[in-house]
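The values are calculated or read from the model by the stated rules, or taken from the named source; none is laboratory data. Please read all numbers here as calculations on a predicted model, not as lab measurements. Here the Cβ positions follow ideal geometry from the backbone for every residue, glycine too, while neighbour counts run over all protein chains shown.
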Amino acid sequence: MKKVDCIVRPDVLEEVKNELSKIKIHGMTVSQVFGCGLQKGKKEIYRGEEIEISLLPKVKIEIVTDDASVESIVDAVTKVARTGNVGDGKIFIYDIQDAIRIRTGERGEKAI
Amino acid sequence: MKKVDCIVRPDVLEEVKNELSKIKIHGMTVSQVFGCGLQKGKKEIYRGEEIEISLLPKVKIEIVTDDASVESIVDAVTKVARTGNVGDGKIFIYDIQDAIRIRTGERGEKAI
Amino acid sequence: MKKVDCIVRPDVLEEVKNELSKIKIHGMTVSQVFGCGLQKGKKEIYRGEEIEISLLPKVKIEIVTDDASVESIVDAVTKVARTGNVGDGKIFIYDIQDAIRIRTGERGEKAI
Ligand SMILES: Nc1ncnc2c1ncn2[C@@H]1O[C@H](COP(=O)(O)OP(=O)(O)OP(=O)(O)O)[C@@H](O)[C@H]1O
Ligand SMILES: Nc1ncnc2c1ncn2[C@@H]1O[C@H](COP(=O)(O)OP(=O)(O)OP(=O)(O)O)[C@@H](O)[C@H]1O
Ligand SMILES: Nc1ncnc2c1ncn2[C@@H]1O[C@H](COP(=O)(O)OP(=O)(O)OP(=O)(O)O)[C@@H](O)[C@H]1O
Ligand SMILES: [Mg+2]
Ligand SMILES: [Mg+2]
Ligand SMILES: [Mg+2]
């Protein structure tokens, strides 16, 4: 199993969810984060305005999934999150050892 | 070492902390998240009310621990977070390579 | 590649960013968290006051980096986050499988 962390602009969250839904990905955990990338200290576009502040609001979407779905998740997120401007975001992929559905006690791929 | 991420209903946080305390687990990092699982787009119970919104408030509890404690953490969290209704939460388990206590510089299991 | 999670006092965030900048580390994701460590239930200093509450506000800084930079990141963060008092924070290190820059589609170390 893998965890796919997607850090994207806040305004694409709904569209990312819809695109993931099309490939039957429903389970996800979303949180508000602040970040910077290569352009630290340079200007970045946020909601149409150029601003100098170095930590910009982003949304982190964490998706735990079977190995086979990783590339289609990357494709779905990239498709809707890419504007071509700096600050479009990052995807990070991790191994995960086990998953448990608390309601049932199911473990492993059955639990995601 | 492992990281155990528990995503549970916000209202069980205190009880989870108490149950973990009984098994001598004190170190943890808590954050507010929003999530959905299998029931995306269907209704889920939140604070006694059935609501339609697809991203529900949850709490993420991250616990870094030695390998030997993982199963007792899973048991403790499951015991108090399970209501039997959909939305009880998930536990995800990851490997972790190293830990550092900043105050002392200790590393590895001594640092958790 | 590795992910280095640094959980530190909120008031050192700016200084940590500056110190990381000196070693050419710019990419990071920051979030507000609450935590406890060994002193659960005991008192801890927060903004100069001794308080009893067991979950204290902390800041989590997540840095995805090449393997070779991990030790210099640990050194930089420790240097500025260590006060010598309990509650200075923790650093946790994880393996990461892949990274994608959404704007360009670049993957792996080129994408961090
Ligand atoms: N190395 C990194 N470690 C952790 N988080 C990162 C890293 N790089 C970027 N991020 C997160 O991703 C967000 C978006 O990064 P961003 O898209 O600006 O990356 P970039 O490498 O600067 O690419 P671009 O040149 O397209 O802007 C950042 O605000 C931050 O939250
Ligand atoms: N695959 C997943 N990846 C990331 N986070 C997830 C995943 N599945 C669930 N979560 C997180 O766990 C929370 C609780 O999930 P939930 O208990 O509803 O899981 P479920 O699989 O739908 O099980 P149930 O049928 O018991 O509701 C979600 O709101 C979300 O934050
Ligand atoms: N085992 C752990 N798992 C997850 N998060 C932890 C763990 N231990 C500490 N943390 C996080 O790090 C923060 C700072 O921890 P802290 O510096 O108090 O660690 P400590 O082990 O108690 O060391 P000290 O004795 O120096 O206080 C906590 O508030 C919590 O967010
Ligand atoms: Mg950038
Ligand atoms: Mg559910
Ligand atoms: Mg402490």
If we keep just the residues of the range B:6-16 that are crowded, with 21+ Cβ neighbours inside 10 Å and not aliphatic (A, V, I, L, M), which is farthest from A:Ile96 (Cα to Cα)?
-> B:Arg9
Evaluate the following for C:Gly87: is it modelled with pLDDT of 95 or more, part of a loop (DSSP other than H, G, I, E, B) and not polar (S, T, N, Q)?
-> yes
Return a yes/no flag: does the range C:23-32 have any residue that is within 12 Å of chain B (Cβ to nearest Cβ) and either away from ligand 1 (no atom under 11 Å from the Cβ) or aromatic (Phe, Trp, Tyr) (or both).
-> yes
For the range B:1-29, which residues satisfy the criterion of being at pLDDT below 95 and among the polar types (S, T, N, Q)?
-> B:Asn18, B:Ser21
Can you tell me which residues in the range C:90-102 are out of contact with any Ser or Thr (no Cβ under 8 Å at 6 or more places or on another chain) and either surrounded by fewer than 21 Cβ atoms within 10 Å (Cβ to Cβ) or within 14 Å of chain A (Cβ to nearest Cβ) (or both)?
-> C:Phe92, C:Ile93, C:Tyr94, C:Asp95, C:Ile96, C:Gln97, C:Asp98, C:Ala99, C:Arg101
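Which residue, of C:Gly87, C:Gly105, is away from ligand 2 (no atom under 16 Å from the Cβ) and surrounded by 19 or more Cβ atoms within 10 Å (Cβ to Cβ)?
Answer to the check: C:Gly87.
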All conditions in (1) outside any loop (DSSP other than H, G, I, E, B); (2) under 27 Å from C:Arg9 (Cα atoms) are true of B:Gly105 except (1)
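Can you find even one residue in the range B:55-76 that is touching a residue at least 12 places away in the same chain (Cβ under 8 Å), part of a loop (DSSP other than H, G, I, E, B), within 9 Å of another protein chain (Cβ to nearest Cβ) and out of contact with any helix residue (DSSP H, G or I) (no Cβ under 7 Å at 6 or more places or on another chain)?
The answer is yes; a qualifying residue exists.
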Restricting the range B:77-89 to residues that are on the phi > 0 side of the Ramachandran plot and within 16 Å of the chain's Cα centre (by Cα), the one farthest from the other protein chains (Cβ to nearest Cβ) turns out to be B:Gly87
